[in-house]
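Below is one structure, written out as structure tokens; the observations come after it.
The values are calculated or read from the model by the stated rules, or taken from the named source; none is laboratory data. Because the structure is a prediction, the values reported are computed rather than measured. Here the Cβ is made from the backbone with ideal geometry for all residues, glycine too, and neighbour counts use every protein chain on show.
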Amino acid sequence: EPEVTQTPSHQVTQMGQEVILRCVPISNHLYFYWYRQILGQKVEFLVSFYNNEISEKSEIFDDQFSVERPDGSNFTLKIRSTKLEDSAMYFCATSDRNTIYFGEGSWLTVV
Amino acid sequence: QKEVEQNSGPLSVPEGAIASLNCTYSDRVSQSFFWYRQYSGKSPELIMSIYSNGDKEDGRFTAQLNKASQYVSLLIRDSQPSDSATYLCAVTNSPNTGNQFYFGTGTSLTVIP
């Protein structure tokens, strides 16, 4: 069964450093998302991406965040200058226009 | 602010019983509704989707939707210990336009052997 793959599975970074989280969507899916989940809290929407541009973004997705699809396959989330409160599980998700499927997540710890 | 509300639980049921999970949503234009299961430390896994009023059955799972009451539920029959997880309700206006999915906080279910 096709799946969304994410790397790295876990990353520890120092506050202020840049982080790039990568995702390989399910092939033929056209809609891509990043969600995050702080430990013990709900799954929160960050951004959706379609046709090489952002479709929708939340208040969380401020200027420190960016997304791109640099090579037509990977879908990346960049956090320019990480803060302690960015520590969370980041989920990439892709959609086939009916529902969304999540990757296994990238656990980011900012110290 | 679009809200999806779920009882956080924990909900405990004995093995073999029916578990009933409930969800309400605030946005009347929501069109598509989903139940995801999330084990601790893992990603959400799709269980069922429902788009029309009424019941939809898939194995031991039944989703129920009432758009007039803005209410969606999930019944798990013959509950098994492996069903112990957090169940997330999600809604969206229209999945085929890249709209975001709004998630509830989840209901923690424990099935007692």
Seminar exercise, completed: Restricting the range B:44-74 to residues that are out of contact with any Phe, Trp or Tyr (no Cβ under 7 Å at 6 or more places or on another chain) and hydrophobic (A, V, I, L, M, F, W, C), the one modelled with the highest pLDDT turns out to be B:61
Exercise. Of the residues A:41, A:14, which is more than 10 Å from chain B (Cβ to nearest Cβ) and either touching a His at 6+ places or on another chain (Cβ under 9 Å) or surrounded by fewer than 21 Cβ atoms within 10 Å (Cβ to Cβ) (or both)?
Worked result: A:14
Exercise. Which of the residues spanning the range B:62-113 are under 15 Å from residue B:4 (Cβ atoms), touching a Lys or Arg at 6+ places or on another chain (Cβ under 8 Å), within 14 Å of another protein chain (Cβ to nearest Cβ) and surrounded by fewer than 20 Cβ atoms within 10 Å (Cβ to Cβ)?
Worked result: B:105
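If you check residue A:95 against the conditions, is it crowded, with 20+ Cβ neighbours inside 10 Å and not acidic (Asp, Glu)? Steps first, answer last, please.
Details: crowded, with 20+ Cβ neighbours inside 10 Å: yes; not acidic (Asp, Glu): yes.
When the stated conditions are applied, residue A:95 passes them.
For residues that are assigned to a strand (DSSP E or B) and of a type in the set (A, V, I, L, M, F, W, C), scanning just the range B:47-71, find the one that is farthest from residue B:82 (Cα to Cα).
Taking the range B:47-71 and keeping what is assigned to a strand (DSSP E or B), we get B:47-50, B:54-58, B:61-66, B:71.
Still in the list and also of a type in the set (A, V, I, L, M, F, W, C): B:47-48, B:50, B:61, B:63, B:65.
Numbers: B:47: 14, B:48: 17, B:50: 23, B:61: 14, B:63: 19, B:65: 25 Å.
Ranking the candidates gives B:65 first.
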For this session: Sort out for me the strands (runs of 3 or more DSSP E) sitting completely within the range A:1-86 that have 1 or more residues that are farther than 17 Å from residue A:101 by Cα.
Result: A:10-13, A:19-24, A:53-57, A:65-68, A:75-79
Exercise. Restricting attention to the range B:34-44, does a residue exist that is among the basic types (Lys, Arg), facing chain A (nearest Cβ under 9 Å) and surrounded by 13 or more Cβ atoms within 10 Å (Cβ to Cβ)?
Worked result: yes
For this session: Select, from A:103, A:72, the only residue that is farther than 30 Å from residue B:107 by Cβ, of a type in the set (Gly, Ala, Ser) and either more than 14 Å from chain B (Cβ to nearest Cβ) or in contact (Cβ under 8 Å) with a residue 60 or more places away in the chain (or both).
Result: A:72
For this session: Could you run through the range A:87-102 and say how many residues are in a loop (DSSP other than H, G, I, E, B) and either under 14 Å from residue A:50 (Cβ atoms) or modelled with pLDDT of 95 or more (or both)?
Result: 3
Exercise. Do we find a residue being at pLDDT below 95 and touching a helix residue (DSSP H, G or I) at 6+ places or on another chain (Cβ under 8 Å) anywhere in the range B:32-43?
Worked result: yes
